[in-house]
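Undergrad: Questions regarding the structure given below will be posed in turn.
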Amino acid sequence: MTESDEPPTGRQLSAQALHQRQLKMRERSVVAAPLVIAIDLHTPENIGSVLRHADAAGCRRLILVDCNLGSRIKKITRIARNSDSHLQIDEMSRDELLLAGNCLPPLVAVEITSRSTDLYQTPLPVNCALLVGGERHGIDDALLKYCQAAVHIPMQGINSSMNVSHALTLALFEWRRQHCG
């Protein structure tokens, strides 16, 4: 098949070609995506997806708070598809997170609150940490008070919430759109 036979959309890349492309993109990326802080995640599927999506957005570091990886690490790594090997992952307790607060960038909660603003209409700081909460209860008020802002995803359907890993992905790529074009 000649180049002129190629469809206008191009051809699907092989896994090896795609991997090489991603490595080059990561090397060229000057601005690392925000620090991600995930609190009280319990399912390996969500933890693995958060790792995979954070890597896809260009994050360099992720903090897992009270996630208790334990024996689930093998399943989490499989779900993350080796993305965890490209991230600095720190595990800590809620108390350790609060003690580290002064060393962290400004916190932006990805949470529906009484004062949250539309993610797509809110300028996100270049240097920030995106904070996401657990599957059942989100981010509690005790942690929200440490956040500089809270953003929510405008939902158009009947359902009022979104899976934590998907919400994080939207916030990360909105941050990337705002700061990296």
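The values are calculated or read from the model by the stated rules, or taken from the named source; none is laboratory data. None of the values given here were measured: they were computed from a predicted structure. Counting neighbours? That spans all protein chains shown, and the Cβs are built from the backbone with ideal geometry, glycine included. Only protein heavy atoms, including side chains, enter the accessible area calculation; ligands, DNA and RNA are left aside. Shrake-Rupley method; radii C 1.70, N 1.55, O 1.52, S 1.80 Å.
Undergrad: Compute the distance from the alpha-carbon center of the range 26-100 to that of the range 127-177, in whole Å.
TA: That distance is 15 Å.
Undergrad: Would you please give the FRET efficiency between E45 and S71, computed as 1/(1 + (r/R0)^6) with r the Cβ-Cβ distance and R0 = 22 Å, to the nearest 0.05? Present the calculation step by step, with values, prior to reporting the outcome.
TA: Numbers: r = 15 Å, r/R0 = 0.70.
It comes out at approximately 0.90.
Undergrad: Between the helical axis of 44-56 and the dominant principal axis of the chain, each derived from Cα atoms, what acute angle in degrees is found, rounded to the nearest 10?
TA: 60
Undergrad: Out of residues 5 or more away from T117 or on other chains, whose amide H comes under 5 Å of its own, with H placed 1.01 Å from N in the peptide plane?
TA: Here A150, V151, H152 satisfy the definition.
Undergrad: Would you mind working out the magnitude of the charge dipole of the chain relative to its Cα centre, with +1 at each Lys and Arg C-beta and -1 at each Asp and Glu C-beta, to the nearest 20 Debye? Don't jump to the answer; show the numbers that get you there.
TA: Numbers: 19 positive and 19 negative charges, 83 e Å.
Using Cβ point charges on Lys, Arg, Asp and Glu, the chain gives about 400 debye.
Undergrad: Using θ = phi - 60° and the Karplus relation 6.51 cos²θ - 1.76 cosθ + 1.60, list the HN-Hα couplings for the range 84-94 in order, rounded to whole Hz, with x at every Gly or Pro.
TA: With coefficients 6.51, -1.76 and 1.60, one gets 4, 6, 9, 10, 7, 10, 10, 9, 8, 8, 4 Hz.
Undergrad: Whenever you get a sec, line up H42, H152, H86 from highest to lowest accessible area (probe 1.4 Å, protein heavy atoms). Intermediate results must be reported in sequence, preceding the final value.
TA: Details: H42 105, H152 50, H86 80 Å².
Sorted by accessible area, descending: H42, H86, H152.
Undergrad: Which of rounded, prolate, oblate describes the range 23-142, given a ≥ b ≥ c as roots of the alpha-carbon gyration tensor eigenvalues and a/c under 1.5 marking rounded, otherwise prolate only if a/b is larger than b/c? Don't skip to the end; give the middle numbers.
TA: Values: a/c = 1.55, a/b = 1.09, b/c = 1.43.
It is oblate, given that a/c is not under 1.5 and a/b is not larger than b/c.
Undergrad: Let me ask something else about it. Roughly speaking, what is the stretch gain from R78 to R60, that is 0.36 nm per residue apart minus the C-alpha to C-alpha distance, in nm to one decimal?
TA: Working: separation 18, 0.36 × 18 = 6.48 nm, distance 1.92 nm.
Result: 4.6 nm gained on full extension.
Undergrad: Per residue, how much accessible area does the chain show when a 1.4 Å probe rolls over the protein heavy atoms, in square angstrom? Could you put the intermediate results ahead of the total?
TA: Values: 10970 Å² over 181 residues.
Ligands and nucleic acids excluded, the result is 61 Å² per residue.
Undergrad: Ignoring any ligand, DNA or RNA, what whole percent of the accessible area of the chain comes from carbon and sulfur when the probe is 1.4 angstrom? Before the final figure, lay out the partial values.
TA: On the way: 5680 of 10970 Å².
It is 52 percent, rounded to a whole number.
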